[in-house]
Structures are given as C-alpha cells and as structure tokens.
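The values are calculated or read from the model by the stated rules, or taken from the named source; none is laboratory data. Just so you know, these numbers come straight off a predicted model, no measurement behind them. Every residue, glycine as well, gets a Cβ built from its backbone with ideal geometry; the counts of neighbours run over all protein chains shown. Just so you know, the surface numbers come from the protein's heavy atoms only, side chains and all, with ligands and any DNA or RNA stripped out. Shrake-Rupley method; radii C 1.70, N 1.55, O 1.52, S 1.80 Å.
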Amino acid sequence: MSSSVSGMFSGAQATMSAPVPGSAAPLSAPSLGRALNNSAGGAGAGAGGAGSLVDDLEASFEACFASLVSQDYVNGTDQEEIRTGVDQCIQKFLDVARQTECFFLQKRLQLSVQKPEQVEKEDISELRNELQRKEMLIQKHLAKIHHWQQVLEDINVQHKKPTEMPQGPLAFLEQASANLPAAIKPN
C-alpha cells in the first residue's frame, strides 16, 4: 500500500524542506516511507499487519471510502448500523492521522534541537511568503476600491447634471435645445 502513496508523490518529485536529523539531504517521498517504517518501531502496526504509519494511514483512508460505497451500506436498512460502521472507520483514520502527526512533531522537535538555524530559516521563508501574499491581497483590494470609487464618482456626476438644469415648464425644451448642434439652433 505504501507503494501507491509513494507513487502519488513520485510524479511530483516532492521533498520535505526539513532534512531528517542525521542526514544531509532532504527527505524524499520514498525515503519518507522507509523513515516512518524504521522510526515507528511497530507503533503504527495495525491494519493488515502493515507495520508503518503510512500504510496504516492509507489503509484507514481507503476503509473510510470503502465503508461509504460498500453495497452492504448502500442496500442496508439499519441506519444505526451504517452510522456506527462509518464512525468507526473515520475514528480509526483520525487516530492514525494523530499518530502520524505526532511522529512528525517529534521529528520537528529533534530537528529544532539539532539544527535550530534550519528551523529559523524555514520560519523566515514562511513569513516572507506570507508577507508577499498579503501584499498582493492589499494591492487587489486597493484596485477594487479605486474601481468602486470611480463608479461612485460617475454616479455622483450623473445625479448632479439633472439638478443643475433649469426647472420650470420649459425646462425640457431648454435641455433639448442645448443638445442640438450649433447649425440647427435658431438665432
């Protein structure tokens, strides 16, 4: 099962930005699975005797979908039984996801102790990216504000024109004659 998870990442050539403590290179997706197998030490063994957190996570994820599309559940009439089965699958997935998160948090803690400068570099990089994203968002909002201010100014100009026109019984004729070209106007 881990081969399909690794296969998902191999096409994108995904690598983690933080190296595993004790290694010089970033951790690639296939070596991530091996690192989880070696580091989990059987703590993640469960679904089908997989033996790794990645395999357990993938198996529990597949079980969630299988329980939703299974013929037993589609044709089943006992809604409580269906709900219980789906809840159990989802709970197992969440438990394995928490274990996986715990593993990565432990590795992150080891990295912060062994190479604190790497963690600071990553934090600085993330902050720069966040600043750029927010700056682009501000520019986008400013452009929208400018556009709508222009629309409001145009509306205000249109509303002021009718009030500047003379009022009275001949106002319509005066307005129409003002719009006539000079060659047509009577002297």
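Top to bottom by accessible area (1.4 Å), largest first, where do S52, S125 land?
The ordering from most to least exposed comes out as S125, S52.
If each of Q158 and R133 carries a label point 7 Å out from its Cα toward its Cβ, how far apart are those two points in nm?
That separation, rounded to one decimal, is 3.9 nm.
Leaving ligands, DNA and RNA out of it, rank C64, C102 by accessible area with a 1.4 Å probe, largest first.
Correct descending sequence by accessible area is C102, C64.
May I ask for the Kirkwood hydrodynamic radius of the range 95-161, worked out over all distinct Cα pairs and given in angstroms to one decimal?
16.3 Å
Please list L170, L57 in order of solvent-accessible area, largest first, computed with a 1.4 Å probe with all protein chains present.
Listed by decreasing accessible area, they come as L170, L57.
Applying 1/(1 + (r/R0)^6) with R0 = 45 Å to the Cβ-Cβ distance of K115 and V151, what FRET efficiency is obtained, to the nearest 0.05?
0.25
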